[in-house]
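Read-outs: derived from the displayed coordinates by stated rules, not from any lab. The structure displayed is predicted, hence computed values, not measured ones. Cβ atoms come from the backbone with ideal geometry, glycine included; neighbour counts cover every protein chain shown.
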């Protein structure tokens, strides 16, 4: 299986992947004096919320005495980024101008469409929770013409009979003045989800020492987002660094120069391989057992766990297990799951990450071809190595890790 870097057409030996929540945390360590003072003390725990376009990525780290960062909760989040506010804005426009008109605007009048989105992006970042003035948007001639073409009505007529008739005013024929309560509804679903998730994380006993939240990412520059977070999470200090939208990019560069700054990670998945295990009536279902050629009861496709979800794994950590092959052509199937104690690799949620195929020398008895399978957690890609003791032969599988 090719690595993530190779999938992107890059030289995997010269490219190191950086995880966005980690990159944000790394850059926070280099910011202004105020931010550094809040995060500098050994043992300080803080949460970084990276609000990009599509997602909210949340990480929690602790500052160690050697200056490195220890992840104390697995990265989490959801689809609550700024593009969902954009989507709500476009739905609003579809109600007024018609869905076909807005679709045509995107495909036939792209310059006007991008001008509209750029204007909305500016308004989105400056809009406040206390705003009382109507928010004005310029409507291009092409938008008005497409509305007439596809609906047979002027947009003023459609607006007057719509649910927004009392909340939106047409000014000068080419501008919409939108009530701030309408604009707030575009924000509230994604922000409510972010706040709810952050509050649920902060209730966890292991995060009881988190007193600071650092907000980064382009959507994090929104005044409304910042005000909502401060209003709903009053017992934590919220820091929004300058150029918050560039924090991930700059943190990734710093990580590339010094990858050892991340000392450990909390696993989002349980990792292991598929094996045939001895039947254990306390663990396995009766119907899954079979009798092998040596008269032993065994079970196919058992999940042999190497590391479990929520374990704290140091960087460059290795775990090795020994196996005896059953045939000269061997396959090792590597799986992951969010379950903590999977029994079979066929359980719901188990995902095949890749396989290692090996042709063994047939002049050596199988009983002498013991092999070691090693999981290496050295970075942002998982490396699984299979080594045969008698021959020294090694086969390596690299796959995406922690995504």
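Things to note:
- Nearest-ten-degree value, helix 83-97 long axis tilted from longest Cα axis of the chain: 40 degrees
- With Cα atoms, 0 to 90° folded angle of helix 223-232 axis to the chain main axis: 70 degrees
- Among 276, 292, 166, the largest mean-square fluctuation in a Gaussian network model of the chain, built with springs joining Cα atoms closer than 10 Å, belongs to 292.
- The helix-only estimate of mean residue ellipticity at 222 nm for the chain, built from DSSP H runs of length n ≥ 4 each weighted as -39500 (n - 2.57), is -9500 deg cm²/dmol after division by the residue total.
- Antiparallel DSSP beta bridges within the chain, as percent of all bridges there, nearest 5: 85 percent
- Highest-fluctuation residue, 78, 172, 217 considered, GNM on the chain with Cα pairs under 10 Å: 172
- Listing 110, 47, 136 from fewest to most neighbouring C-beta atoms within 10 Å gives 110, 136, 47.
- Summarising the label geometry, the points placed 7 Å from Cα in the beta-carbon direction at residue 331 and residue 283 lie 2.2 nm from one another.
- Residue exposure proxy: 377, 89, ordered by other Cβ atoms within 10 angstrom of their Cβ from fewest to most, comes out as 89, 377.
- Highest-fluctuation residue, 62, 156, 71 considered, GNM on the chain with Cα pairs under 10 Å: 156
- Distance from the C-alpha centroid of segment 96-138 to that of segment 304-359: 49 Å, rounded to the whole angstrom.
- Using alpha-carbon coordinates, inclination of helix 141-151 to the longest axis of the chain, degrees: 80 degrees
- Per-residue Cβ neighbour counts within 10 Å put 147, 350 in the sequence 350, 147, beginning with the fewest.
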